Every structure is written in C-alpha cells, then in structure tokens.
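Reading through the structure tokens given below for one structure.
Bear in mind these aren't lab numbers, they're just calculated from the coordinates by the rules spelled out. As the structure is a computational prediction, the values presented were derived from the model and not from experiment. Here Cβ is always computed from backbone atoms with ideal geometry, including for glycine, and neighbour counts include all displayed protein chains.
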Amino acid sequence: MNILSAEFIKSSKYLEECPEANKPEYAFIGRSNVGKSSLINMLANKKGLAKTSSTPGKTQLINHFVINNSWYLTDLPGYGYAKVSKSERASFSKMIEKYVLGRSNLVNLFVLIDSRHLPMKLDVDFINWLGQNSIPFNLVFTKIDKISQREFSYNFKKYSQELRNTWEELPEMFKTSSEKKIGKEEILSFIEDTNKY
Ligand code: GDP
C-alpha cells in the first residue's frame, strides 16, 4: 500500500469522543517506550506524526489519524507505566478497555512488544484478555535491530510457548525495526488485505 496522505484528526479521552466510526480502524498499543510512535511514523511515512519519546505515561489519550482518506490509524495510550499515580493508571486501563470492547469499526489491534524482553506478565495478561474477548489482534515485535537474530529467536520462542499455555492458535506476528525500516510492507499489506468495510 502506498501512503498518499496521513492526517491527524483528534485526541479523545473517552470512546464517546472518538471520530465517527465510519472507516475501518487499526489501533496500536503497547507499553510506554515500546517504540509505538516510531512505528506509526514509519508506517505513515511521516516523521513527527505521532510524537516520539514524550514523557512516558503522559499522553493518555486516544489519537486518531486518517490515512489515504480511507482508514483510521489509532494511537492508543501506553499501558503499564509505573510512574503514573494509581488512579491515573486505573483510569487509562478502563479507557483502553472501553475503547477495545466498544469501538465498532475496529478491524485489528496491533499489540507491540519490545523484542529485547522475555514475555512480561502485563503484556501476556493483556493478550490473554484480548483473546478471551475475541478481539482481533496480532503481535508486533519492535526494535529488532537492537538484538541478534539468535536472541530474537529465543525471545520469540519464549513468547510462543507462553501463549501456547493458553491458546491453541497463535496470532500473526510481525518483526519490525523503525530504525532500519523493517516490517513496514508486511504490516501495510496486512492492513490492505483486511481493509474491507
Ligand atoms: P513509544 O513511547 O512507544 O511511542 O516509543 P518511541 O517511539 O517514542 O520510542 C522510544 C525510544 O525507542 C526512542 O528513543 C526511539 O528512538 C527508540 N526506538 C523506537 N523504535 C526503535 C527501533 O526500531 N530501533 C531502535 N534502535 N530504537 C527504536
């Protein structure tokens, strides 16, 4: 897919404030600092579209962009950042929960995982929760340029094993590096193939 245009639409605090659900929507989520903004900028071919390296946990808003005037790309707040107060954390996970369960035009949720780490409970719990709620999602391993092929294979295997404890089928997984522009075509092709509204 060629990206011809990528425009910011709005930031919303609640599901009810999101733009009209009149286009297929693809949302991106992950822990703060996972590389989500960099990935979105790589996909949209626009530096600075999503802000990179802002204070983690600060932007707890749902950001909508429209791509090629035909689909929404949604940047969800990072989850699991320890430095926000307990009440803030509770309110943003509720907000994510409401969005994920209630956004009628959501086609797919891309869950970003830092490929340098072994499976972390928070990510696995979130993935399991998505599965239990029949939310279509897949996994995007980020920053693969930061580790060797061997380390990646090991971490990837651990993830697959962890998920197989609960699920027979594994979601599609993407390997990416925004630094080295890896994985862009694969994700955009996936979006193109499923983008039928
Ligand atoms: P976000 O908080 O999830 O939006 O993460 P950012 O996109 O702001 O990235 C967090 C940090 O990781 C920044 O310092 C980025 O430059 C760095 N980063 C993001 N993606 C990559 C990548 O693919 N490779 C490398 N080496 N660094 C990355």
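Remarks
- Calculated [θ] (222 nm, deg cm²/dmol) that DSSP helices of n ≥ 4 give over the chain, each run adding -39,500 (n - 2.57): -10500 deg cm²/dmol
- Cross-link partners for Lys98 among the lysines, with Cα-Cα distance under 17 Å and sequence neighbours closer than 8 places in the same chain left out: Lys13.
- Charging the Cβ of each Asp and Glu at -1 and of each Lys and Arg at +1, and nothing else, the dipole of the chain about its Cα centre rounds to 760 debye.
- Trypsin sites (Lys or Arg not before Pro) within region 1-55, DSSP loop, no more than 14 other Cβ atoms inside 10 Å: Lys13, Lys47, Lys51
- Charge dipole of the chain about the Cα centre (unit charges at C-beta), most positive-ward option of Tyr14, Val66, Thr142: Thr142
- Antiparallel %, DSSP beta bridges [both residues in the chain], to 5: 40
- Cross-link reach list, lysines versus Lys157, counting only Cα pairs under 19 Å and skipping chain neighbours closer than eight places: Lys121, Lys143, Lys146, Lys175
- Region 6-194 - Rg (one decimal) and Dmax (whole number), Cα, Å: 15.6, 45
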